[in-house]
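Here is the structure we will look at, set down as structure tokens.
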Amino acid sequence: MQGSGEALPIAVAPYLLILGAFTIPLLSLLKPSKNLARFFTTFLQLIVFVLVLSTFVSIWEGTRVITYTFSGFPPPVGITYVVDYAGVFMASVTAALFAIITPLSKFFVDDGEYYYAFVLGLESGLLGIILTGDIFNLFVMMEVTLVASYVLISSLRTRDSIRASFKYAMVGAAAGMFFFLASVLYYFSIGSLNIGQGGAVVTGLMESMGRVAEPRSTLEWILNIALWSLIAEAAVTPLHFWLPDAYSSSPIPIAALMAALSEGVAFYVLIRLYYIVLGGLTIEATYVLSVLGLLTILVGGFGMLYSDELMKIVSYSVILDVGYISLALSLGSEGITAALAYVLAHAIVKPALFLSAGWLVRSSGRSRLKDLSGSFRGNPPLFFGFLIASVAVVGIPPTILFQAKFRLYELVLAEVVGSGSIHYALTLVVMLLGSLLALAGFLKVVQTTYLTPGESVMRSPKYLSVLVGVLGIATIVLGLTYASVENEVIQKVANSFLAGRMEYVNEVVKLLSSG
């Protein structure tokens, strides 16, 4: 192992989680106990959060990019971890959400030792995806995430959950094949699997060790292949079809975690690859993200409007916001800030929606909206969190999602005024329609579950009520303080891909030279 010692805490986090995942079944052999598995998982997740937070402090205090290598070999053979503002930001959000949401599992699912083992596997995979600087290791971590997600989605052992997990596995396997192909071609192109080295070759800082005469044009098509894998992981239309069934059939804490993080991490990888290697999106990627983003908004909006199951409505709201993120990224470097604001808001709003709605379904045993009349009436904290999150998805001030959406409207309107483009005028119309469809979808939920008399479900556990309430408050506070949040956090993260690109590449070149 070599590299900056500052990177060591966060670099070992994914492997510590994997070790913990294999340790839980061994502990169950010594003392079969759900409580032991719960305690061990929570304890390990808190340790990982502290490790990630320590690196966050180092990065934010001035060490902008830090590197670390594993496996006893320098790159290109050894696995490189490169941590910058963007990486440590995403890792911190991921570690925090797992630490606060996983303890809720005991209220929603018959949680056994293997359930917690795969929860740790899921967290390990997501952190590995975020932190790795090696495209093949990125593929490996995507597969770790796929396997863990497949098992967790099916863990309720119902017909719907088994069917949903199979559908998710098929999409994930196909996406993995595309990404594996891209990884092989990447190595063939530059003679290395290192993401930063690809950027160094494109910018002329290093000679290509590959077998192609024009590395840049080859890399453009390679990343366009990887794009389809990431589109599937992010549930962009037409590859969105797995998400509503998967999220509505999963244990509620798992659905909350995946909805908060999975799509955001997929978009993070997309930005990382295109902007570090090429310095921006290809023309083809821009077109794909723009057109499919509009279609995704419509699919998500109409899905919310016509679904008759509460969890399906909430699941389609994820697809709706995925469309807005895709659209923001298609606007180039200026759209990255809006996209990242969406990713941050997504991580706060979606858990509030899934946890509050999930409690109604779990405690009542009913999933159809018509069977949940008045069910929110006896749970004011849950209704508060659900209402604020719903308002945020619609794009009503002063929530953080309103701020992100307003920024996106500004960018699209500028394109309409500046170019007079029919495409961007249509984009503006679709964006407005998406918000109206979301409003209609959530209004029917509020009308049924709160305004219509009916049987209230049992009160939620205190921890769940507090957590959902805090998430609702955070949605408002971050919206009210958005100017500071954007300047102090989101802009720094965006600059990691823009102005900070060469700093990332130079650190990798330095590491390669020292090896």
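The values are calculated or read from the model by the stated rules, or taken from the named source; none is laboratory data. This is a predicted model, so every value here is computed, not measured. No Cβ is skipped: glycine too gets one built from the backbone with ideal geometry, and neighbour counts run over all protein chains shown.
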- Scan the stretch 346-362 and report the pairs whose first residue is closer than 24 Å to Tyr268 by Cα and free of Cβ contacts under 8 Å to residues at least 24 places away in the same chain and whose second residue is crowded, with 24+ Cβ neighbours inside 10 Å and of a type in the set (D, E, K, R), with Cβ atoms within less than 7 Å and a gap of 6+ or a chain change. none
- Query: Taking helices (runs of 4 or more DSSP H) that do not extend beyond the stretch 104-158, which have at least 1 residues that are buried (at least 22 other Cβ atoms within 10 Å of the Cβ) and in contact with a Leu (Cβ under 8 Å, 6 or more places away or on another chain)?
  - Reply: 113-131, 135-153
- Cβ pairs under 6 Å, 6+ apart or interchain, first in the stretch 299-325 and farther than 23 Å from Pro253 by Cβ, second among the β-branched types (Val, Ile, Thr) and surrounded by fewer than 24 Cβ atoms within 10 Å (Cβ to Cβ), ordered by first then second residue, are Val299/Thr237
- Message: Take the residues in the stretch 300-310 that are out of contact with any Phe, Trp or Tyr (no Cβ under 7 Å at 6 or more places or on another chain) and crowded, with 24+ Cβ neighbours inside 10 Å; name whichever of them is farthest from Leu355 (Cα to Cα).
- Response: Gly301
- Filtering the stretch 442-456 for residues that are assigned to a helix (DSSP H, G or I) and either small (Gly, Ala, Ser) or farther than 25 Å from Ala404 by Cβ (or both) leaves a count of 5
- Note on the structure: The residue from Leu413, Leu439 that alone is over 23 Å from the mean Cα position of the chain (by Cα), buried (at least 16 other Cβ atoms within 10 Å of the Cβ) and in a helix (DSSP H, G or I) is Leu439
- Message: Quick check on Glu207: is it among the acidic types (Asp, Glu) and part of a helix (DSSP H, G or I)?
- Response: no
- Message: Restricting to the stretch 159-198, name every residue that is in a helix (DSSP H, G or I), under 20 Å from Ile276 (Cβ atoms) and of a type in the set (S, T, N, Q).
- Response: Ser183, Ser189, Gln197
- Query: What is the one condition in (1) out of contact with any Pro (no Cβ under 9 Å at 6 or more places or on another chain); (2) surrounded by fewer than 23 Cβ atoms within 10 Å (Cβ to Cβ); (3) modelled with pLDDT under 95; (4) not polar (S, T, N, Q) that Arg38 does not satisfy?
  - Reply: (1)
- Message: Going through Gly374, Gly385 one at a time, which residue ends up being over 23 Å from Leu411 (Cβ atoms) and assigned to a loop (DSSP other than H, G, I, E, B)?
- Response: Gly374
- Item | Residue satisfying condition, being crowded, with 23+ Cβ neighbours inside 10 Å and either at positive phi or not polar (S, T, N, Q) (or both), within set Leu408, Leu428 | Leu408
- Task: Just name the residue that is surrounded by the most Cβ atoms within 10 Å (Cβ to Cβ) out of those in the stretch 453-472 that are within 15 Å of Ala347 (Cβ to Cβ) and in contact (Cβ under 8 Å) with a residue 60 or more places away in the chain.
- Result: Val468
- Across the stretch 216-238, the tally of residues that are surrounded by fewer than 21 Cβ atoms within 10 Å (Cβ to Cβ) and either assigned to a helix (DSSP H, G or I) or modelled with pLDDT of 95 or more (or both) stands at 8
